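The structure under discussion appears below in the form of structure tokens.
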Amino acid sequence: MATELSMLPTQVLAPFKGVKKVTIEEYFTSGHRTCQGCESALVMKLMAKAAGPRTIILGSTGCMYVANTTYYSTSWVVPWMHTQLGASGSAAVGTAAGLKALMRKGRIKQEPINVIAFCGDGGGADMGLSSISAALTYPEYNFLILMYDNESYANTDIQLSGMTPYGANTTFSPPGKARRLLHKRWKKNVAGMLAAGHPECRFVATVDASYPLEMMNRVRKALSIGGPTFIHSLDPCPKGWDYDPIQSHDLGELAVETGVWPLFEVEDGVLRFYGKSKAIAQGRKRKPVREYLLRQGRFAHFIEEDIEYFQTKIDQMWERWLLPGIAPFRLADDIKKALARSETEIESTA
Ligand SMILES: Cc1ncc(C[n+]2csc(CCOP(=O)(O)OP(=O)(O)O)c2C)c(N)n1
Ligand code: SF4
Ligand SMILES: [Mg+2]
């Protein structure tokens, strides 16, 4: 019997098994005004392609709103709506609930429609974090919230956000003679925090558009699994990170290869690292972070000690955290032993 909490069916979006199987149609197409080499624009294109035609996309204020919908022109081929900077979570719930009500009342045809709300790091990790957190507690609605993280409030001229890396030069943290580093806070683990704090949310992942197939398949999984889901994408931004646009793809790869950006997914309570991060988690050597940092003008003021500090923080994340990129603590020895014991017991009774 259907209850108030009953869910609508989702679309069945099987993973693309190789690039040759990726559909040719585009739902985010030409006509946008993002910078040359903008990785966030690529994220929009891949996200829309992965979702397909029966999709509604909601976008909060930021580069991916302003540059993609200028003066009565747009590159969106699917229905699209702007929402306030911190409102991607509430826009997602409202739209999913509205569709459900319209279908229940017979005002529109019963069919699975994808709902995707995207936000930048300023809109998602800072201003709209509570709205996303609330959204992820509604198991009865199907939607994906995708946070594209270019590590600054880029649209308003590269101000520092909670996702800006340690020491980076932004318009709010310019290096000077009196203080070389104005920004000394470490970036938050948004995907990890949302996965850990929302047990009803069946899918959370990090992605990187330098690995497009993997990225699109995480979007397809998030839209098919049912209920609220979240994806965090790291997006090189030539303007804010200060590098030649031709390097966007390489920087996306380096973020993963240096271990700065772990790729993982949490599906129905099971955590998996994937792609090159899986190999790193299994012991593959990481590239030195200097290869990533020194290709970006925003770190041009770094001296050796800054690079070493950055490397130490990344090493600690992989070597000392309970879950690299997710949980920055360790288990006390007595708890570790007790948990190992109960795991053996579970296995022996299984
Ligand atoms: C409530 C509110 N405060 C400030 C602004 C001005 N504003 C527009 S876009 C933007 C930057 C958003 O940064 P982010 O979410 O990271 O997206 P990006 O621009 O980097 O794509 C700001 C501060 C706004 N539109 N609304
Ligand atoms: S500032 Fe960065 S995120 Fe914004 S359009 Fe340019 S490259 Fe893209
Ligand atoms: Mg941003």
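Some observations on this one:
- Annotation: Met7 fulfils all but one of (1) in contact with a Pro (Cβ under 7 Å, 6 or more places away or on another chain); (2) open to solvent by 60 Å² or more (accessible area, probe 1.4 Å); (3) under 18 Å from Ile225 (Cα atoms); the unmet one is (1).
- Among the residues making up the range 98-119, those that are among the basic types (Lys, Arg) and not in a helix (DSSP H, G or I) are Lys105, Arg107, Lys109.
- Whichever residue in the range 59-81 is open to solvent by less than 40 Å² (accessible area, probe 1.4 Å) and in a strand (DSSP E or B) and, among such residues, is farthest from Asp149 (Cα to Cα): Trp76
- Listed conditions (1) under 17 Å from Ser40 (Cα atoms); (2) hydroxyl-bearing (Ser, Thr, Tyr); (3) in contact (Cβ under 8 Å) with a residue 60 or more places away in the chain are all met by Tyr138, apart from (1).
- Pairs meeting the criteria (first residue in the range 20-45 and on the phi > 0 side of the Ramachandran plot, second residue away from ligand 3 (no atom under 16 Å from the Cβ), beta carbons under 8 Å, at least 6 apart or on different chains) are Gly31/Ser73; Gly31/Thr74; Gly31/Ser75; Gly37/Asp244; Gly37/Pro245; Gly37/Ile246; Gly37/Gln247.
- Selection status of Gln84, out of contact with any Lys or Arg (no Cβ under 8 Å at 6 or more places or on another chain) and within 16 Å of ligand 3 (Cβ to nearest atom): yes
- Taking the range 36-51 as the range and being open to solvent by less than 10 Å² (accessible area, probe 1.4 Å) and away from ligand 2 (no atom under 15 Å from the Cβ) as the test, the residues that pass are Ala48, Ala50, Ala51.
- Filtering the range 111-158 to residues that are hydrophobic (A, V, I, L, M, F, W, C), within 7 Å of ligand 1 (Cβ to nearest atom) and in contact with a helix residue (DSSP H, G or I) (Cβ under 9 Å, 6 or more places away or on another chain) leaves Cys119, Ala154.
- For the range 125-158, filtering for residues that are assigned to a strand (DSSP E or B) and within 16 Å of ligand 2 (Cβ to nearest atom) leaves 5.
- Out of Gly122, Gly89, sole residue that is within 16 Å of ligand 3 (Cβ to nearest atom), assigned to a helix (DSSP H, G or I) and at pLDDT 95 or above: Gly122
- Residues being more than 16 Å from ligand 1 (Cβ to nearest atom) and touching a helix residue (DSSP H, G or I) at 6+ places or on another chain (Cβ under 6 Å) - total across the range 82-110: 3
- Within the range 14-55, the set of residues being in contact with a Leu (Cβ under 8 Å, 6 or more places away or on another chain) and over 26 Å from Asp121 (Cβ atoms) comprises Phe16, Gly18, Val19, Val22, Gly52.
- Counting only helices (runs of 4 or more DSSP H) that fall entirely inside the range 165-269 and contain at least 2 residues that are closer than 21 Å to Glu291 by Cβ and open to solvent by less than 40 Å² (accessible area, probe 1.4 Å), the qualifying elements are 248-257.
- Meets criteria (among the hydrophobic types (A, V, I, L, M, F, W, C) and without any contact (Cβ under 8 Å) to a residue 24 or more places away in the chain) for Ala117: no
- Condition check for Ala205: closer than 20 Å to Cys35 by Cα and touching a helix residue (DSSP H, G or I) at 6+ places or on another chain (Cβ under 6 Å): no
- Candidate set: the range 234-264, residues that are acidic (Asp, Glu) and farther than 17 Å from Tyr148 by Cβ; chosen: the one nearest to ligand 3 (Cβ to nearest atom): Asp242
- Any chance Gly106 is crowded, with 16+ Cβ neighbours inside 10 Å, out of contact with any Gly (no Cβ under 9 Å at 6 or more places or on another chain) and either more than 21 Å from Ser161 (Cβ to Cβ) or not small (Gly, Ala, Ser) (or both): no
- Where a residue in the range 151-167 is among the aromatic types (Phe, Trp, Tyr) and its partner, wherever it lies, is surrounded by fewer than 24 Cβ atoms within 10 Å (Cβ to Cβ), with Cβ under 6 Å and at least six apart: Tyr153/Gln159; Tyr166/Trp186
- For the criterion of being more than 30 Å from Leu182 (Cβ to Cβ) and at pLDDT 95 or above, Arg284 passes.
- Thr95 outside any strand (DSSP E or B), more than 16 Å from ligand 2 (Cβ to nearest atom), polar (S, T, N, Q) and closer than 15 Å to Met216 by Cα: no
The values are calculated or read from the model by the stated rules, or taken from the named source; none is laboratory data. This is a predicted model, so every value here is computed, not measured. Cβ sites come from the backbone with ideal geometry, for glycine too, and all protein chains shown count toward neighbours. These area figures cover heavy atoms from the full protein model, side chains too; ligands, DNA and RNA do not enter into them. Shrake-Rupley method; radii C 1.70, N 1.55, O 1.52, S 1.80 Å.
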